[in-house]
Amino acid sequence: MTALVVLASLFVGITLGVLGGGGSILTVPILVYLAGQGTKEAIATSLFVVGVTSLAALVPHARAHRVRWKAGLLFGGFSMAGAYGGGRLAAYVPGTALLIAFALMMLATAFAMLRTSRRGGEPRPRHRDLPLKHIAAEGLVVGAVTGLVGSGGGFLVVPALALLAGLPMGIAVGTSLLVIAMNSFAGLAGHLSGVGIDWGLALTVTAAAVAGSLVGARFAGRIPQESLRRVFGWFVVVMGVFVLTQQLGGGLWVHPATWGVLGAVLVAATVARLRAKSSG
């Protein structure tokens, strides 16, 4: 079982290094189903693992000049505030309802990435960097998701940087690792008030994931931009469908929190669609 956990953790790291996201989506199931941890403990441990792994993967991206520090630090600063608040709030919201909303947001993000890939080419930058109001709005949303459900937020950060800021996909991936690390540690701080961590397991998983991230980061700059976007999009589709199917249970639909979260997601999706039409 330990060997399986290590191998799966290596894949988590490779995912973070190449795609700039997806690691925490894999880390929580690994800790729950392979390592036997409880959900809350797995979420907190995942945030630690993904935070450290993202920092390790960030180094080769930075050396290759694939990081926009100003945009990343500003985005990450707002994200940290949302992540800490989300981590504290998570104790009061049913985990199943949160994961359902999480999966739906993953699917919406993936479809946006795949649609851009089909159109071809990189998005045209509207600004040299994200304007402050966009940084604040997107950062707080990403941070809240991170804190609530234990995701590093890469599946939201990469599209935000690529589609809104118009960064090339390789630079968006590198910059997202900085934001993911900041998100993860802030979310971890929020969760630690109510849950403990098995540090032996956490460090073992982290070491394997870091090794994988260094391998993955070497390939990120060698993959064509459109191919990387397509792979990222389909990866998020698969992960979103998996999370969604795992969380659909008989008692879910009668819980009022479920309908509240789904309603909020529907409103957010509608607003995003209207914004896309108005800016198109």
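The values are calculated or read from the model by the stated rules, or taken from the named source; none is laboratory data. Every value quoted in this text rests on a predicted model; they were computed, and no experiment measured them. Backbone-built Cβ (ideal geometry, glycine too); neighbour counts: all protein chains shown. Only protein heavy atoms, including side chains, enter the accessible area calculation; ligands, DNA and RNA are left aside. Shrake-Rupley method; radii C 1.70, N 1.55, O 1.52, S 1.80 Å.
Stretched out straight at 0.36 nm per residue, the stretch from F111 to S227 would grow longer than its current Cα-Cα span by 40.3 nm. Note on V241 and D198: the model spin-label points, each 7 Å out from Cα along the C-beta direction, lie 3.2 nm apart.
Each residue, A81 and W69, gets one label point 7 Å from its Cα in the Cβ direction; the gap between the two is 2.3 nm. Roughly speaking, what % of Cα-Cα pairs in segment 134-205 are separated by over 21 Å, rounded to a whole number? The share of Cα pairs beyond 21 Å in segment 134-205 comes to 31 percent.
Each of H65, H134 has its accessible area taken with a 1.4 Å probe; listed largest first, they run H65, H134.
Remark: spin-label model distance V32-L248 equals 1.6 nm, labels positioned 7 Å along the Cα→Cβ axis.
Normalised by 2.2 N^0.38 Å, where N counts its residues, the alpha-carbon radius of gyration of segment 30-90 equals 1.40.
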